[in-house]
Amino acid sequence: MSKEGEALEKAYSNRLLLSARACPFCGGETLGMFPGPPSPIMPGDTLRVVCSQCLCHGPIGESAQRAVAKWNGDFNPTHRKNDIA
Ligand SMILES: [Zn+2]
């Protein structure tokens with residue numbers, strides 16, 4: 001397998017993606033974990049979830065866990081309540 005193929009295989013087989021929800025834009029369930037751009041507020045490498053179907057990508061996270069949490073919405077019901085009030 002080529003180096004590129006190996007990287008893709010790795011990106012799509014990330015186990016954390018099993019807890020990621022389907023793409024909010026196209027409903028696609030084939031998601032990959034890819035490196036994100038450098039961030040001034042996050043030291044080190046960043047990661048983000050990418051939908052293979054429509055190629056949209058989620059917010060960057062400082063770890064794969066954070067990238068999945070942000071992709072999933074990361075919402076806190078308490079904040080929502082406060083927004084309405
Ligand atoms: Zn999509």
- [ ] Taking residue 45 as meeting all but one of (1) in a loop (DSSP other than H, G, I, E, B); (2) exposed (fewer than 12 other Cβ atoms within 10 Å of the Cβ); (3) more than 11 Å from the ligand (Cβ to nearest atom), write down the number of the exception.
- [x] (2)
Task: Of all residues making up the stretch 1-27, the number that are closer than 13 Å to residue 50 by Cβ, at pLDDT below 95 and hydroxyl-bearing (Ser, Thr, Tyr) - done: 0
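The values are calculated or read from the model by the stated rules, or taken from the named source; none is laboratory data. These numbers come from a predicted model, not from an experiment. Cβ coordinates were reconstructed from backbone atoms using ideal geometry, including for glycine residues, and neighbour counts include every protein chain displayed.
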